[in-house]
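Undergrad: Sharing a structure here in structure tokens format.
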Amino acid sequence: MITRRATLHGLAAGAAAMIAGPALAQDDKSPVTLLVGAASSMDFTARLIAEQLREPLGRPVIVLSKLGAGGRVALQELKRSAPDGRTLMFSTSSPFAIYPNIYTKLDYDPVTDFTPIAGVCWFDVGIATGPSTGVTDIHQLIGWARTRTQEGASVVYGAAPGAGSSSHFAGIAMALASGVPMTPVQYKDSGVGIVDLAAGRLPIMITGTSPLVEMHKSGKIRLLAVSGEQRSPLVPEVPTLKESGLDITIQNSAGLYAPAKMPRDMVERLYGAVMPMLQKADMRDKMIGQGMAPSPMNGSQLAASLAGERKRYAVLVKASGYVPEAL
């Protein structure tokens, strides 16, 4: 027989367990997994974030690279995870801002399936040419491309990391702004495209600015412009597209995300843990060296930024005549 005293004792024990839960969570030393769905500068910056998070969280943070499908492989793992702080992702804005406009149906909701924690940085793309054109600025490149089309030849540009990337749409935006048709050649790996550019097999390459810098400085290719609002600190001598006379600005944010419905206090704790890295001179220098410009945002600001990007890409996709594809 269950007595009233036993019932009260059970309720008290349950309440104590509920109160103790958060305290036990604070003492949890299990590792945090930080997913990243892109290589190069994104992977590098993810490892800086992991280094930053270890001390304030008091637990190991392990970077897990899940490449494939433009970051959607990593994103699916994040979506399946519990919002308990054990699984996070460092991602570009592409899955949240570009993909909703270029695919007929996604296997996730870019707004409701994830929790934005912090904006960390932004990066632009560079527009480069090689020996096959002989041009030295954007105006000359447009002139070269216009002459080619008037002669009945096609104008192609390489875009990495492929279809639907900001590099792809930077080329589309250039074609629309100049009135010169350009056809993308999709590269999964920017390194392969840059080699083709330097060898003269490709006239134009558009990809993240950072991978282009070494070959540009060695004189094997020429960086003509960058797509951001400001010049890149990696190549301050290279103008922006706007400075070059084309009214185009394309840059991606990169931020920290969690699964949907993460408790607000946990979001704030993670935000507070990652933000100090953007004030550290050594961390900033390392990021800038990879073409990642520090740009702190809280979760609400990051969500608003993504909403603005989605609208801008919706306009660009419609103007370009790009037909959304099935996954």
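Undergrad: May I ask you to list the residues in segment 176-196 that are under 22 Å from Q251 (Cβ atoms) and out of contact with any helix residue (DSSP H, G or I) (no Cβ under 8 Å at 6 or more places or on another chain)?
TA: Selection gives A177, K188, D189, G193.
Undergrad: Name the residue that is surrounded by the most Cβ atoms within 10 Å (Cβ to Cβ), counting only residues in segment 98-117 that are under 27 Å from P276 (Cβ atoms) and out of contact with any Gly (no Cβ under 6 Å at 6 or more places or on another chain).
TA: Among those that are under 27 Å from P276 (Cβ atoms) and out of contact with any Gly (no Cβ under 6 Å at 6 or more places or on another chain), it is F114.
Undergrad: Being at pLDDT below 95 and over 24 Å from G37 (Cα atoms) is true for just one of I250, I172. Which residue is that?
TA: After applying the criteria, what remains is I172.
Undergrad: I want to confirm something. Restricting to segment 309-327 and keeping residues that are small (G, A, S) and surrounded by 13 or more Cβ atoms within 10 Å (Cβ to Cβ), which single residue is farthest from L256 (Cα to Cα)?
TA: Among those residues, the one meeting the criterion is S320.
Listed here are the residues, each with its yes/no results for (1) β-branched (V, I, T); (2) outside the structural domain of V267 (by TED's automatic domain parsing); (3) in contact (Cβ under 8 Å) with a residue 24 or more places away in the chain.
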position: Y103; (1), (2), (3): no, no, yes
position: P110; (1), (2), (3): no, no, yes
position: D113; (1), (2), (3): no, no, yes
position: A118; (1), (2), (3): no, no, yes
position: T133; (1), (2), (3): yes, yes, yes
position: D137; (1), (2), (3): no, yes, yes
position: Q140; (1), (2), (3): no, yes, no
position: T147; (1), (2), (3): yes, yes, no
position: A153; (1), (2), (3): no, yes, no
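Undergrad: List every residue pair whose Cβ atoms lie under 6 Å apart, where the two residues are 6 or more positions apart in sequence or sit on different chains, the first residue falls within segment 41-65 and is within 20 Å of F123 (Cα to Cα), and the second residue, located anywhere, is of a type outside the set (S, T, N, Q) and assigned to a loop (DSSP other than H, G, I, E, B).
TA: S41/G291; S41/M292; T45/M292
Undergrad: Within segment 146-165, which residues are crowded, with 24+ Cβ neighbours inside 10 Å and out of contact with any Asp or Glu (no Cβ under 8 Å at 6 or more places or on another chain)?
TA: The answer is Y157, A159, S165.
Undergrad: Have a look at R284, R222, R231 and point out the one that is farther than 17 Å from C121 by Cβ and basic (K, R).
TA: Going through R284, R222, R231 in turn, just one is farther than 17 Å from C121 by Cβ and basic (K, R): R222.
Undergrad: Of everything in segment 127-157, what is closer than 23 Å to S218 by Cα and either in a helix (DSSP H, G or I) or of a type in the set (G, A, S) (or both)? Give them in sequence order.
TA: A128, G130, S132, G134, I138, H139, Q140, L141 - these are the residues of segment 127-157 that are closer than 23 Å to S218 by Cα and either in a helix (DSSP H, G or I) or of a type in the set (G, A, S) (or both).
Undergrad: I've got another one for you. E325: under 18 Å from the mean Cα position of the chain (by Cα), among the charged types (D, E, K, R), modelled with pLDDT under 95 and closer than 29 Å to I172 by Cα, yes or no?
TA: Working: under 18 Å from the mean Cα position of the chain (by Cα): no; among the charged types (D, E, K, R): yes; modelled with pLDDT under 95: yes; closer than 29 Å to I172 by Cα: yes.
Considered against the rule, which asks whether it is under 18 Å from the mean Cα position of the chain (by Cα), among the charged types (D, E, K, R), modelled with pLDDT under 95 and closer than 29 Å to I172 by Cα, E325 comes out as no.
Undergrad: For residues in segment 34-76 being part of a helix (DSSP H, G or I) and of a type in the set (V, I, T), which is nearest to M287 (Cα to Cα)?
TA: T45
Undergrad: Go through (1) farther than 30 Å from L278 by Cα; (2) touching an Asp or Glu at 6+ places or on another chain (Cβ under 7 Å) and name the single condition K66 misses.
TA: Condition not satisfied by K66: (1).
Undergrad: Within segment 261-301, can you find the residues that are surrounded by 17 or more Cβ atoms within 10 Å (Cβ to Cβ), among the small types (G, A, S) and closer than 30 Å to R80 by Cβ?
TA: Hits for segment 261-301 are A273, S295, G299.
The values are calculated or read from the model by the stated rules, or taken from the named source; none is laboratory data. The structure presented is a predicted model; accordingly, all values stated were derived computationally and were not measured. Note that we place each Cβ from the backbone using ideal geometry, even for glycine, and neighbour counts take in every protein chain shown.
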